[in-house]
Structure formats: structure tokens, C-alpha cells
Amino acid sequence: MFETDMLFAIALFSIGLFGVTSNKDFLRIFFSLEMLINAVILMLASSAHYLGLSQNLPLAYMLIILATLEAGVGILIFAAANKFTHSVVPDEIDHEGSK
Amino acid sequence: MNIVILTIVLALAIASLNLKKSIAALISFALMMLVLGIYYISLDEKLLGLFQIFVYTGGIGVLMLFGITLIGVEFPITKKNPWTAFISFLFFVLVVVFGLKNHILLVAHHPEIVESKELFANSYSDFVIIFALIGSSLLYATIKMINVLNPKRKKNV
């Protein structure tokens with residue numbers, strides 16, 4: 001059912017939201033961001049299947065490409081921050097950099 | 001069957017955020033996306049499922065492996081904010097109550113809304129332009145970040 005899929009997608013989005021706000025290391029923040037995007041893709045796919053909104057599928061493909069790009073940029077920022085501050089926690093970057 | 005697959009997805013998502021070993025967390029995260037891809041295939045969206053498995057899971061998996069080489073075998077111990085779980089749960093309840101309930105009532109009272117495919121099609125070109133702009137700006141940020149990573153590049157090489 002469409003409503004069941006939506007319910008699980010909202011639950012996945014909530015888990016991702018919890019991960020983004022509660023975790024403080026880069027990698028788990030990336031995991032959580034990908035969960036947010038996966039929840040949106042799940043909503044698009046289920047609406048395409050159950051409601052016949054097949055126009056949503058190209059948006060889902062674009063979202064996948066965008067999420068991969070976003071992860072690439074994020075990992076590069078992580079690598080740059082780690083190179084200069086030797087920290088894997090975003091909150092510590094400012095303190096480490098100011099020394 | 002759908003409920004079983006999606007419950008596995010949620011369990012793997014929670015596991016990937018709570019496991020202390022980074023490689024175990026990455027494996028559960030990749031499994032989560034793999035199961036989602038299998039779910040899309042079961043929904044008859046075969047291309048989206050294959051795209052999810054090969055492009056998304058593969059690409060993100062390799063990128064996160066690179067992150068694990070920097071982070072180490074175990075995640076660092078950090079303080080967790082206790083109120084974030086409450087806020088996430090509140091978000092879930094609010095969206096379900098006001099969003100999903102309204103959708104069910106809307107479809108029950110106005111079934112013709114589900115058939116109106118123009119709702120999305122009218123704004124589709126705007127989405128394409130916005131996503132192209134975001135994608136190109138991300139690519140530009142990637143190139144700039146590569147320059148930041150190599151600040152001491154020699155000119156006469």
C-alpha cells in the first residue's frame with residue numbers, strides 16, 4: 001500500500017534526521033544524509049508505482065546522481081579538514097584550526 | 001512482504017548509526033541500500049532498482065570506504081545530544097498525523113486528485129533547472145576542494 005510505504009519512508013527520514021542531529025563524526029553524518037535522500041527516493045518510487053505518477057522516476061534518478069555527487073564533495077571536505085586539523089569530528093575543527 | 005522488507009531497511013538503518021565498528025556500520029548501511037534496491041525491483045521499477053544497487057550503493061560504498069581509512073576501525077566517542085531523539089520522534093508523529101492523515105482523507109474525499117498527473121508535470125522543468133544548477137555548483141565545489149587539498153603544488157612540474 002502507498003500509505004505503508006509513506007509511513008516507512010517518513011520513519012527512515014526521521015532516523016536520518018536523528019542521525020544528522022545527534023552524531024558528531026563525519027561518517028555517520030554522511031550515512032544519515034544518505035538516509036534522508038533514500039527516504040525521498042522511496043517516496044518517489046512508491047508514488048510512481050501506486051499512484052501512477054511515472055514522472056517522479058526521472059527525479060529519483062537525478063536524486064541518486066545528486067546524492068553520489070554530494071557524498072563525493074562531502075568526503076573531499078572531510079579529507080581536507082582531516083588533513084589540516086587531524087580531527088574526524090566537525091565540532092572540533094574550529095578549535096583545532098584556531099590553535 | 002513489503003512490510004517485512006521495509007522493516008529490515010529500518011533495522012539496518014538504525015544498526016548503521018549505532019554500531020561502534022565503522023566497517024560493520026558501513027556494511028549494514030550498504031545492505032540497507034541494497035535491500036531498498038531489491039524493494040524497487042519488486043515494485044516493478046527495475047531500472048531504478050538496478051540504478052540504486054549499482055550506482056548508488058557502489059558509489060557511496062567506495063566513497064565511505066575512503067572515509068573509513070581516515071576515521072579508523074572504531075568511531076570516536078563523542079557526546080550525544082539527548083533531545084535529538086525526542087525531536088526526531090516529534091517530527092515523525094507530526095508528519096504522520098498532519099501529512100499522511102490528510103493525504104488519506106484527501107484521497108478518500110477527492111479520488112480524482114490521484115489521477116491528476118499534471119500536478120507534478122507542470123513544475124517538472126523547474127525541478128530540472130534547479131537540480132542542474134545544484135549539480136553544477138557541486139561539481140564546481142569539488143574542483144575547488146581539489147585545489148584546496150593541493151595548496152603547495154609546484155608551478156614548474
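Bear in mind that the values in this text are calculations on the coordinates, not laboratory data. Keep in mind that this is a model prediction, so the values were computed, not measured. Heads up, the Cβs are rebuilt from the backbone with ideal geometry, glycines too, and the neighbour counts pull from every protein chain shown.
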Problem - For the range A:1-52, average projected area of the Cα convex hull in nm² - result: 3.0
Handout entry: Around residue B:63: net Lys/Arg minus Asp/Glu count, Cβ-Cβ under 11 Å
Key = -2
Problem - Above-threshold pairs, the threshold being 28 Å between Cα atoms, out of B:20/B:46; B:46/B:144; B:79/B:144; B:21/B:46; A:24/A:83 - result: B:20/B:46; B:46/B:144; B:79/B:144; B:21/B:46
Fill in the blank from the handout: Expected integer from the mean partner chain Cβ neighbour count at 10 Å over B:19-27 is 1
Exercise for the section: Report the normalised scattering of the range B:1-60 as log10 I(q)/I(0) at q = 0.12, 0.18, 0.22 Å⁻¹, calculated by the Debye formula with identical scatterers on the alpha carbons. Expected result: -0.28, -0.59, -0.82
Completion exercise
For the range A:2-88, the percent of all C-alpha pairs falling in each 10 Å bin, from 0 up to the bin holding the max distance, is 18, 39, 28, 12, 4, 0
Exercise for the section: Anything in chain A that counts as a DSSP H helix reaching 15 Å or more along its axis (C-alpha) with Kyte-Doolittle mean of at least 0.5? List them, would you? Expected result: A:2-22, A:26-50, A:56-85
Exercise for the section: Identify the trypsin sites (Lys or Arg not before Pro) of the range B:1-63 meeting these criteria: DSSP loop state and at most 11 other C-beta atoms within 10 Å of the C-beta. Expected result: B:20
